[in-house]
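Engineer: Just passing along the structure, written as structure tokens.
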Amino acid sequence: MNPTQLDQPYRLSQAVMDKVDKEAAKYPSRRAAVKSALRYCQEEVGWVSNGVVTAVATHLGLEPIEVYEVATFYDMFYTEPGGRHRIRVCTNVSCMLRGAETIVSHLREQLGIKVGETSPDGRVTLLEAECLGACGGAPMLVCGNQYFENLTTDKLDSLLDQLD
């Protein structure tokens, strides 16, 4: 991706604006809808660019920095473009003790990339994550909105085969 594309203007779709307005109506302050607005935009665009931050801020009547703070605080928001699928492997204590290092290593080998990189075909971005809240199923990862627990290399290979 060309770095200048990171700052391209973005216009909220009517569908996103409707969802954001519905969410914002639940709260005494429109600021409370920032997380939802970013989630809706990311679902539509794939990531949260500076243009998305500015558009959300404008729509909610906020300063861009107020939206940017939320976008960069939560690791569920991607502030850089990535692959069609983002695989986030938990590497916190429970997962680490139950083999997260093996899981990450296997994914690196299978995809031919390092953590933080995207496969050459643009299919997968590999990321490490802090606790994803499924310690009982360690080691685990999230791909899209789906949790995969009690991972083995065979389960990883099956997951990779299913991704387009």
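The values are calculated or read from the model by the stated rules, or taken from the named source; none is laboratory data. Model, not experiment: these values are computed from the prediction. Reconstructed Cβ throughout: ideal geometry from the backbone, glycine too, with neighbour counts over all protein chains shown. These accessible areas exclude ligands, DNA and RNA; they are computed on the full protein's heavy atoms, side chains included. Shrake-Rupley method; radii C 1.70, N 1.55, O 1.52, S 1.80 Å.
Engineer: For the chain, give me the percentage of DSSP beta bridges that are antiparallel, rounded to the nearest 5 percent.
Structural biologist: 55 percent
Engineer: Amide H neighbours of Glu128 under 5 Å, at least 5 residues apart or on other chains, H built in the peptide plane: list them.
Structural biologist: Correct list: Val89, Gly116.
Engineer: What is the magnitude of the charge dipole of the chain about its Cα centre, with +1 placed on the Cβ of each Lys and Arg, -1 on the Cβ of each Asp and Glu, and no other charges, expressed in debye to the nearest 20? Intermediate results must be reported in sequence, preceding the final value.
Structural biologist: Details: 16 positive and 22 negative charges, 81 e Å.
Rounded to the nearest 20 debye, it is 380 debye.
Engineer: Then there's this: What do you reckon, how do Glu43, Glu149 stack up by accessible area (1.4 Å probe), largest on top?
Structural biologist: Order by accessible area, largest first: Glu43, Glu149.
Engineer: Suppose accessible area is computed on protein heavy atoms with a 1.4 Å probe; arrange Phe73, Phe148 from highest to lowest.
Structural biologist: Greatest to least solvent exposure: Phe73, Phe148.
Engineer: Let me ask something additional. Could you calculate the FRET efficiency of Arg31 with Arg11 from 1/(1 + (r/R0)^6), where r is the beta carbon distance between them and R0 is 22 Å, rounded to 0.05?
Structural biologist: 0.55
Engineer: Apply 1/(1 + (r/R0)^6) to the Cβ-Cβ distance of Asn150 and Glu109, taking R0 = 22 Å, and write down the FRET efficiency to the nearest 0.05.
Structural biologist: With a Förster radius of 22 Å, E is 0.60.
Engineer: I've got another one for you. With just the Cα atoms of region 70-157, tell me how far they stretch along each of the three principal axes, in Å, largest first.
Structural biologist: If we take the Cα atoms of region 70-157, the spans are 32, 31, 19 Å.
Engineer: Tell me, what is a quarter of the convex hull surface for the C-alpha atoms of region 1-159, in nm² with one decimal?
Structural biologist: The Cα convex hull of region 1-159, projected and averaged over all directions, gives 10.2 nm².
Engineer: Also, quick follow-up: Given a cut-off of 21 Å, what percent of all Cα-Cα pairs of region 1-95 lie beyond it?
Structural biologist: 32 percent
Engineer: Within the chain, which cysteines find no other Cys whose Cβ is under 4.7 angstrom from their own?
Structural biologist: Those would be Cys41, Cys131, Cys135, Cys143, since no other cysteine Cβ in the chain comes under 4.7 Å of theirs.
Engineer: Another question, then. Output the relative contact order of region 22-164, whole-number percent, from Cα pairs under 8 angstrom with separation of 6+ residues.
Structural biologist: With pairs under 8 Å counted, the relative contact order is 20 percent.
Engineer: With θ set to phi - 60° and the Karplus curve 6.51 cos²θ - 1.76 cosθ + 1.60, what are the ³J(HN,Hα) couplings of region 155-164 in order, to the nearest whole Hz, using x for Gly and Pro?
Structural biologist: 5, 4, 4, 5, 4, 4, 5, 7, 7, 7
Engineer: On to the next question. Test of understanding: what is the full-extension gain from Glu44 to Glu69, defined as 0.36 nm times their sequence separation minus their Cα-Cα distance?
Structural biologist: 7.0 nm
Engineer: So what J values fall out for region 91-102 if you push phi through Karplus, 6.51 cos²θ - 1.76 cosθ + 1.60 with θ = phi - 60°, rounded to Hz, Gly and Pro as x?
Structural biologist: Taking θ as phi minus 60°, the curve returns 10, 6, 3, 4, 5, 4, 5, 10, x, 4, 4, 5 Hz for region 91-102.
Engineer: Determine the per residue accessible area of region 1-100 with all protein chains present and a 1.4 angstrom probe, expressed in square angstrom.
Structural biologist: Here the residues of region 1-100 average 58 Å² of exposed surface.
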